Structure formats: C-alpha cells, structure tokens
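Q: To start, I am sharing the structure in question, which I have written as structure tokens.
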Amino acid sequence: MPITNSGEKFAHELADMYDAEHRFLEAMGKMRGKATDEKLQAMLEAHMQQTEEQIEKLAQVFEEAGLTPDREECMGAKGLIEEASKMMEEAGSTQIMDAAIAGGATKAEHYEMVSYTDLIDGAEILNLRKAVKLLTENREQEVSTARKLERLAPRLGKAAA
C-alpha cells in the first residue's frame, strides 16, 4: 500500500522503530549472555532496561498520534542482528566475541539514532509535541549508549588482537 502523506509515513516509521526496539532488546539479551567483559555486560544490562522504557515511550507516541501500537517488520534491525549473530558464531575466542558484540551493538545504536531523528522530524511536522519530547529522550539515550560503546571498543579490540 503506497504511503501518500506525512502522517502515513510517520506511522510506518514509528511501527518500524517499535519492531526494531523489540528485536534489539531480544538480541541484547543474547549478547549479554555471551559477553565475558564485565563492563560490556553491565552496559548491555543497563541499555536493556532503557530499551524497555523506550518501547513504553513509543507506545505513548502511538497513542498521541491516535494510533494503536503496531510492529512493522524492520529490515534494518533484522539485518544488523543477523550480521552480529553471524560474527558471534564465528568468534574464535571470548575476546573476539566481546569485540564483535561491542561492534554490533554500536552499529545498532547508530541505526537507532538516525531512525529517531527521522521520527522527531515527522512528529514536528505533525505538531505532536509530546511525541517530539519522548522521541528526543529516546534518541539521547541512544547517543549516550553509542558513545559509551565507542569508548569501550578500543580496549576490547586490543584484547582481541
């Protein structure tokens, strides 16, 4: 079905992000279970809690937009998860595993940052002020997590070398 206006585009992107957050939450649980680095485990655990809150905020955005929370299959999230899963399967040591997990998680955070920026733009166009606030909060959490992972990654990469 063609998307014919800004409202339909926003609804589609919102449902896509709702699916992505659910997928990333499940993937982080698997990553946390395979990670051996304590800082990485703690970061994944903390971000899983944030992601649960982000999913709740997305449900509120659906409500403000007069929509029912719905998941549209997010091919971007699906691809990122498949890529990280394959890398984890192929890791030959716990150090390589941790580095692969940090890299995969960082890629997901950057995907989410861009996705939330698009959603914020859409919410502004539709004059959904509460949605702008909620989506901005989610984006700021993604930026913060990405920066933490980016600071951790060099140490994990050196350990894997």
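Q: Checking residue 118 against (1) within 25 Å of residue 10 (Cβ to Cβ); (2) modelled with pLDDT under 95, which single condition isn't satisfied?
A: Just one mismatch for residue 118, condition (2).
Q: Here's another thing I want to ask about it. Check the range 101-115 and report whether any residue there is exposed (fewer than 15 other Cβ atoms within 10 Å of the Cβ), at negative phi and aliphatic (A, V, I, L, M).
A: yes
Q: Looking at the range 36-49, which of its residues are touching a residue at least 40 places away in the same chain (Cβ under 8 Å) and surrounded by 17 or more Cβ atoms within 10 Å (Cβ to Cβ)?
A: 37, 40, 43, 44, 47
Q: Checking residue 125 against (1) among the hydrophobic types (A, V, I, L, M, F, W, C); (2) surrounded by 15 or more Cβ atoms within 10 Å (Cβ to Cβ); (3) at pLDDT 95 or above, only one condition comes out false. Which one?
A: In the conditions (1) among the hydrophobic types (A, V, I, L, M, F, W, C); (2) surrounded by 15 or more Cβ atoms within 10 Å (Cβ to Cβ); (3) at pLDDT 95 or above, residue 125 misses (2) alone.
Q: Would you point out which residue out of 43, 17 is farther than 24 Å from residue 118 by Cα and either at pLDDT below 95 or assigned to a helix (DSSP H, G or I) (or both)?
A: Going through 43, 17 in turn, just one is farther than 24 Å from residue 118 by Cα and either at pLDDT below 95 or assigned to a helix (DSSP H, G or I) (or both): 43.
Q: Scanning the range 72-97 for residues that are part of a loop (DSSP other than H, G, I, E, B) and not acidic (Asp, Glu), which turns out surrounded by the most Cβ atoms within 10 Å (Cβ to Cβ)?
A: Ranking the candidates gives 74 first.
The values are calculated or read from the model by the stated rules, or taken from the named source; none is laboratory data. In this text, all values refer to a predicted model and were calculated from it rather than measured experimentally. Here the Cβ is made from the backbone with ideal geometry for all residues, glycine too, and neighbour counts use every protein chain on show.
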